[in-house]
1. Hey, for a label at Arg209 modelled as a point 7 Å past Cα toward Cβ, could you say which residues of the stretch 229-266 have their backbone N under 18 Å away?
2. Name the most mobile residue of Glu139, Glu240, Glu60, meaning the one with the largest mean-square fluctuation, in a Gaussian network model of the chain with Cα contacts below 10 Å.
3. Just subtract the alpha-carbon distance of Arg146 and Thr115 from 0.36 nm times their residue separation and send over the number in nm, one decimal.
4. Amide H neighbours of Val211 under 5 Å, counting only residues 5+ apart in sequence or on other chains, H built in-plane at 1.01 Å?
5. Give me the number: length gained by fully extending Asp265 to Arg89, i.e. 0.36 nm times residue separation minus the C-alpha to C-alpha distance, one decimal in nm.
6. Return, ordered by residue number, the residues of the stretch 198-220 whose backbone nitrogen is under 12 Å from a label point located 7 Å along Cα→Cβ of Gln162.
7. Provide the FRET efficiency to the nearest 0.05 for the Arg285-Leu65 pair, computing r from the beta carbons and using R0 = 22 Å.
8. How large is ³J(HN,Hα) for each residue in the stretch 177-193, as worked out from phi by the Karplus curve 6.51 cos²θ - 1.76 cosθ + 1.60 (θ = phi - 60°), to whole Hz, x for Gly and Pro?
Amino acid sequence: MSARLPTAAPAADSIPARAGIGLRAVHHQAILSERPAVGWLEAHSENYFADGGAQIQFLEKIRSLYPLSLHGVGLSLGSTDPPNAQHLRKLERLIAWSEPSVVSEHLSWSSIDGTFLNDLLPLPYTEEALRHMIARVGELQDRLRRQILIENISSYLRFNFQQMPEWEFLAALAAASGCGLLVDVNNVYVSAHNHGFDAREFLRAIPARHVQELHLAGHSVNRHDGREILIDTHSTPVCEEVWSLFDFALRCYGPRPTLIEWDTDIPALAVLAAEADKADGFLERSHDIAA
């Protein structure tokens, strides 16, 4: 087993305005043998930080077949802790080697005073937090020498002292930092249900020029004290309400690269490919309308 990364990577490909799927280890061999007709693949960056081994070897082979996006979950951009130097070095190395079309992270924080929490936690939507995120995103883009996309997260609690809605915060962040936005339609639906705002208002308020990618996923329902709370588990098919919201998002933004996320209770590759095919149907209709 090699202890070094391969020395060459294919040239970066643009991600098409088609549906892609998340790259998971259980599907590595099936993707190579079955070559599903999906537009692109998204890899979680942290899964490929190793110096070598099977994961890296599979990614090298798969990268030669599909356009690639790297999606991070561990940078904790919203934290006041300093950026993790080792994490950044590994991310830089992975980007240089794999030449992804897109690199994305989350509007969230996960660490405090050096203690890392295994979750994506929401920020207070205040002017102070906005200035902090603009600075952190700007520093990251300068270091990586490329634009990154920032994704909205699902949330279950809100701060009492927030000064603006999430969609205003996101739009201001993109305008000031030059980042793009990854709009997770399922996360919008989940948060809208949990907090009682209008999901379509959220989507309408985001300028289309900032939106470069969309995500779709399934969620779970948790009932507590007579209240129904939606949890972003990525463990079920996309529900009809989220498909409808996706259709609305395409009318707002036009066709965008769209990812099917499924991270737990992962089904057979054919199930993911079928979900991507359904998303492609919406995207094709959106292309026709745009034309």
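Throughout, read-outs are computed from the coordinates displayed, never taken from laboratory work. Predicted model, so just to flag it, every value in this text is computed and none were measured. Using ideal geometry, Cβ is built from the backbone for each residue, glycine included, and neighbour counts are taken over all protein chains shown.
1. Under cut-off, by backbone N: 252-255.
2. Glu240
3. This chain segment gains 8.3 nm when fully extended.
4. Counting only residues 5 or more places away or on other chains, the set is Leu181.
5. Values: separation 176, 0.36 × 176 = 63.36 nm, distance 3.17 nm.
Length difference between fully extended and current span is 60.2 nm.
6. Only 198, 202 pass the distance filter.
7. Values: r = 27 Å, r/R0 = 1.23.
My answer for the efficiency is 0.20.
8. Taking θ as phi minus 60°, the curve returns 9, x, 6, x, 10, 9, 8, 8, 5, 5, 4, 4, 5, 4, 5, 4, 5 Hz for the stretch 177-193.
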